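This report refers to the structure that appears directly beneath it.
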Amino acid sequence: MAKQEIILLDVWANMYSMKVKIALAEKGIPYECKCEDVNNKSQFLLDMNPVYKKVPVLIHNGKPICESSIIVEYIDEVWNDKAPLFPSDPCGKAHARFWADFINKKLYQIGRKLYTTKGEEHEAARIEFMDCLKLLEGELGDKPYFAGESFGYLDLSLIPFYSWFQVYETYGNYNFDLTMSAPS
């Protein structure tokens, strides 16, 4: 196989970039990482993602792929010889996509409210966040991974949120110890 050029445009603390980095690591794919300054975006980023003008962007042999979920699916399809990230059956794949979409949209938005709101709105976000975590805990059940015995797409979609738990606790006045010990 010919040498492939793989570049990832990212920002160090971006949870969506983290998701792509996890997928690349799982597949054992070497890549060059180029960190972007969100306050002074490079012309390269603007050229590679002219629609959203944001990271992450995976550039594979000069062709940009944008949006983390799409990038991860691309990685899984192109480098399909090891560490599959999606279930092989269409129903399992749709199920993983559904829950990842839930994480990307619902959990992200509620988590953001934890550290940007106050009063009743903050309390409502805290309760909703706890409910979301309980839903995900129910989906995981007693399995080591969401897909069962192997690490997959849903696991790598949730892992980057873990790095934000301290932000939720510190700036959002959220206590994960109470969430995890609260009765269902």
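The values are calculated or read from the model by the stated rules, or taken from the named source; none is laboratory data. The shown structure was predicted, so the numbers you read here are calculated from the model rather than taken from an experiment. Cβ sites come from the backbone with ideal geometry, for glycine too, and all protein chains shown count toward neighbours. Side chains included, ligands, DNA and RNA excluded: accessible areas come from the protein's heavy atoms. Shrake-Rupley method; radii C 1.70, N 1.55, O 1.52, S 1.80 Å.
Scanning region 31-76 for residues that are over 16 Å from MET18 (Cβ atoms), in a loop (DSSP other than H, G, I, E, B) and aliphatic (A, V, I, L, M) yields a single hit, VAL51. Exactly one residue out of VAL51, VAL57 is surrounded by 12 or more Cβ atoms within 10 Å (Cβ to Cβ) and modelled with pLDDT of 95 or more, and it is VAL57.
Scanning region 70-98 for residues that are under 18 Å from the mean Cα position of the chain (by Cα), open to solvent by 30 Å² or more (accessible area, probe 1.4 Å) and among the hydrophobic types (A, V, I, L, M, F, W, C) yields ILE70, ALA83, ALA94, PHE98.
Within region 109-125, the presence of a residue that is surrounded by 12 or more Cβ atoms within 10 Å (Cβ to Cβ), within 20 Å of the chain's Cα centre (by Cα) and over 15 Å from VAL167 (Cα atoms) is excluded.
Is it the case, given these coordinates, that LYS34 is open to solvent by less than 80 Å² (accessible area, probe 1.4 Å), of a type in the set (D, E, K, R), in contact with a helix residue (DSSP H, G or I) (Cβ under 8 Å, 6 or more places away or on another chain) and farther than 15 Å from SER68 by Cβ? Against the criterion (open to solvent by less than 80 Å² (accessible area, probe 1.4 Å), of a type in the set (D, E, K, R), in contact with a helix residue (DSSP H, G or I) (Cβ under 8 Å, 6 or more places away or on another chain) and farther than 15 Å from SER68 by Cβ), LYS34 qualifies.
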